[in-house]
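S.K.: The structure's right below; bear with me while I get my questions together.
The values are calculated or read from the model by the stated rules, or taken from the named source; none is laboratory data. Fair warning: this is a prediction, and the values are worked out from it, not measured in the lab. All Cβ positions, glycine included, derive from the backbone under ideal geometry; neighbour counts span all protein chains shown. For accessibility, only protein heavy atoms count, side chains too; no ligands or nucleic acids. Shrake-Rupley method; radii C 1.70, N 1.55, O 1.52, S 1.80 Å.
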Amino acid sequence: KGDSTDSTSSNTNKNVHHRHHHHDSTDKKDKITSKMPKSKGHGHGHGAKTKFKTTAKTAKSGTTASSTTAEENKQSKKPRTSDNTGMASSSSSDKSSSNATSANDSNINNGGGIAVAESETGVLRPAPYFYYVDHSQEEDEEPLTPVTPSARVPNFPAKMHALLMREDLKGVICWMPHGRAFKIVNPRDFELRVIPTYFEHSKISSFVRQAQGWGFRKLAKGRERHAFYNEYFLRGLPHLCKKMTRPSLTKKVICDPDHEPDLFRISMEHPVPESISLDDFNYTVLEAVSKCILDGGPKARLPVIRSMNFSKP
């Protein structure tokens, strides 16, 4: 009995110990299990983020695809627009060409049967005129109005007429034989003797610019090379200077060497006077211009001329 009792108690102890050991292992497993949800939860959260990123990428790629599709649709529409534009431009060019043709047809001179083309510089006429217009037959509509206003500094055309009236300067500057242009015969003397006296500068290049600013053109070829001319600047007809103005930059005429007028031939058809008539009121005015400049310099003002009892020549 005693042995059986001891064995029983030992078995009991073993069972208790086994239960304790099982309980301890269970606690450890519970502790491990209690930690697992956090890691699983963290892993689940990471998975959610990954899924969110994937969804965002998918949405972004979908947006890119839609924008690409829209761009392709725009590009597919562009050729049609360019075709329409090309058709419009071609039709407008056809209209402009037809208008130009009709304009050229309307410019034909029915009397002589000579075609006249329009240009930026005016109407292109047959030789010897080309773009030149003759004004030698125009009378002075206001014979008592001086070529340059009184009590003011004489303008450039009046100074030039006064210069060309001086006999002592004919070896320096003079009229061309036809009287429709002037030429600087001695540029060196002109720069030293004339320019400082009559103008507010001292270089011939400045004189050329000033002349061009008043609409004078310089001939580039032929026997009249380097001569200056203006349609309203004619020998013996100073009253035409009253029609001269300083053209703006948009209206300045570009010289065309291929269409320079033949002033000799024009003067044969329409000759100009050899000099200013003594009965012309402007003869007295131009003499006063030279006198006031020689006495007072290039900035001298023209005195008021009271004697105006002149009639038309």
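S.K.: Using r as the Cβ-Cβ distance of Asp168 and Val123, and R0 as 45 Å, what FRET efficiency do you calculate, to the nearest 0.05?
M.R.: On the way: r = 41 Å, r/R0 = 0.91.
Using R0 = 45 Å, I get an efficiency of 0.65.
S.K.: Cβ under 11 Å from His201's Cβ, His201 left aside: what net charge do those residues give with Lys, Arg +1 and Asp, Glu -1? Please list the in-between numbers first.
M.R.: On the way: positive: Lys203, Arg209; negative: Glu191, Glu200.
Spelling it out: positives minus negatives among the neighbours equals 0.
S.K.: Next up: What GluC sites (Glu not before Pro) does segment 179-250 have in DSSP loop regions with at most 15 other beta carbons within 10 Å?
M.R.: Listed in order of number, the matching sites are Glu200.
S.K.: Quick one: grab the alpha carbon gyration tensor of segment 195-239, order the square roots of its eigenvalues as a ≥ b ≥ c, and give me rounded if a/c is under 1.5, else prolate or oblate depending on whether a/b is larger than b/c. Could the numbers behind the result be given before it?
M.R.: Details: a/c = 2.05, a/b = 1.24, b/c = 1.65.
Oblate, because a/c is 1.5 or more while a/b does not exceed b/c.
S.K.: Report the Stokes-Einstein translational diffusion coefficient (µm² s⁻¹, integer) for segment 135-177, Rh taken as the Kirkwood radius over Cα pairs, at 10 °C with viscosity 1.306 mPa s.
M.R.: 127 µm²/s
S.K.: Per-residue accessible area for His201 at 1.4 Å probe radius, Å² rounded to 10?
M.R.: The accessible area of His201 comes to roughly 50 Å².
S.K.: Which residues among segment 178-199 fall inside the zone where the amide N is under 16 Å from a point 7 Å beyond the Cα of Lys299, along Cα→Cβ?
M.R.: 196-199
S.K.: Something else now. Below 15 angstrom from the Cβ of Lys170, what's the summed charge of the other residues (Lys, Arg +1; Asp, Glu -1)?
M.R.: Charge balance near Lys170 sits at 0.
S.K.: Here's another thing I want to ask about it. Kindly sort Lys243, Lys203, Lys159 by accessible area of their heavy atoms, largest first, with the probe set to 1.4 Å.
M.R.: Greatest to least solvent exposure: Lys203, Lys243, Lys159.
S.K.: Shifting gears a bit: Just subtract the alpha-carbon distance of Asn186 and Asp134 from 0.36 nm times their residue separation and send over the number in nm, one decimal. Kindly include the intermediate steps, with their values, before the conclusion.
M.R.: On the way: separation 52, 0.36 × 52 = 18.72 nm, distance 2.86 nm.
Extra length from Asn186 to Asp134 when fully extended: 15.9 nm.
S.K.: Something else now. So how much slack lies between Arg265 and Lys291, counting 0.36 nm per residue of separation and subtracting their Cα-Cα distance, in nm?
M.R.: On the way: separation 26, 0.36 × 26 = 9.36 nm, distance 3.56 nm.
This chain segment gains 5.8 nm when fully extended.
S.K.: Here is a further query. When only C-alpha pairs under 8 Å and at least 6 residues apart count, what is the relative contact order of segment 125-228, in percent?
M.R.: Worked out over segment 125-228, it gives 16 percent.
S.K.: Where nothing but the Cβ of Lys and Arg (+1) and of Asp and Glu (-1) is charged, how large is the charge dipole of segment 178-223 around its Cα centre, in debye to the nearest 20?
M.R.: 340 debye
S.K.: Over 25 Å between C-alpha atoms is what I'm after, so list which of Lys159/Lys203; Lys159/Lys221; Lys170/Lys203; Lys218/Lys291; Lys203/Lys242 land there.
M.R.: Where the Cα-Cα span goes over 25 Å, the pairs concerned are Lys159/Lys221; Lys218/Lys291; Lys203/Lys242.
S.K.: Per residue of segment 190-196, in order, report the coupling 6.51 cos²θ - 1.76 cosθ + 1.60 (Karplus, θ = phi - 60°) as ³J(HN,Hα) in whole Hz, putting x for Gly and Pro.
M.R.: Using θ = phi - 60°, the values come out as 5, 6, 8, 9, 9, 4, x Hz.
S.K.: In nm, to one decimal, how far is the Glu274 label point from the Asp258 one, both placed 7 Å along Cα→Cβ?
M.R.: Label-label distance for Glu274 and Asp258, simple model: 4.1 nm.
S.K.: May I ask you to list the residues of segment 160-195 whose amide nitrogen lies under 13 Å from a point 7 Å from Cα along the Cα→beta-carbon direction of Val208?
M.R.: 184, 187-188
S.K.: Moving to a separate point now. In nanometres, what is the gap between the two model label sites at Leu144 and Arg193, each 7 Å from Cα along Cα-to-Cβ?
M.R.: The two pseudo-label positions are separated by 4.0 nm.
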